[in-house]
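Throughout, read-outs are computed from the coordinates displayed, never taken from laboratory work. Since we're looking at a predicted model, the values are computed, not measured. Here the Cβ is made from the backbone with ideal geometry for all residues, glycine too, and neighbour counts use every protein chain on show.
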Amino acid sequence: MQKNRSQFTVRRLVLNAVLIALYVVLGYMRIQLGNSFRISIAPFAVILCALAFGPIDGLIVGFMGEFLTQVLGPYGLTLTTPLWCLGETLRGFLLGLCAVLFMKKWRENLSIPTGKMLVLIMICCVTTGLISSFGNTFALYVDSKMLGYYSYAIVFGALLVRLLLSAITSTLLGYISAGIITALRKSKLI
């Protein structure tokens, strides 16, 4: 009997839980530059999950990881907490969708991606990273309007720098994730 790879097995649920925990831990290990810039490697867990398991797992890890980071962090549970989760949720879902639709050959092959496939992975990672940044900017806009601290400079003044940082970190994390996923598949851990 052939195993259905799209099924949620206990092993896969545990891996998702570990990746959610990894996201939360990595979320605390970030570089904060003022109020507008944050360099974090927390999306590594979402990128790894989405590329390895697809859109539903990516969505779950992205939402739950950011939700727990928000609730357990200095912000707590607020009316806009779901909006702050939007960026990573979109990243996980859309990157997982890209992996399923465009990277089928790499997902079935056990070799490290090179050439066009590596470029495709990087393009998908950067694109979804930028979408995540726009989602966070939207959350910042709504949050600032609701709580009365709106300023064009706060919300949109540093958007280009945030997008550039997102593109750089997404590229690096996607490259690292592709190698790790290949190694995990070769050793039959995923």
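Descriptive notes on the structure:
- Qualifying chymotrypsin sites (Phe, Trp or Tyr not before Pro) in segment 73-141, where qualification requires a DSSP coil assignment and no more than 16 other C-beta atoms within 10 Å, comprise 75.
- Hz values of 3J(HN,Hα) by residue in segment 17-30 - Karplus curve (6.51, -1.76, 1.60), Gly and Pro given as x: 5, 5, 5, 5, 4, 4, 4, 4, 4, 5, x, 7, 9, 9
- Note on the chain: lysine pairs with Cα distance below 30 Å, sequence gap of 8 or more or different chains, count 13.
- Gyration tensor (alpha-carbon) shape descriptor, segment 54-129, a/c threshold 1.5: prolate
- Acute angle (nearest 10 degrees) that the helix 43-53 long axis makes with the longest principal axis of the chain, alpha-carbon atoms: 30
- Cut-off of 10 Å, at most 16 other beta carbons, DSSP loop: longest stretch of the chain lacking such trypsin sites (Lys or Arg not before Pro): 6-187
- Within the chain: Cβ-based charge dipole about Cα centre, in debye rounded to nearest 20 (Lys, Arg +1; Asp, Glu -1): 720
- Cα centroids of segment 39-105 and segment 109-181: 11 Å apart.
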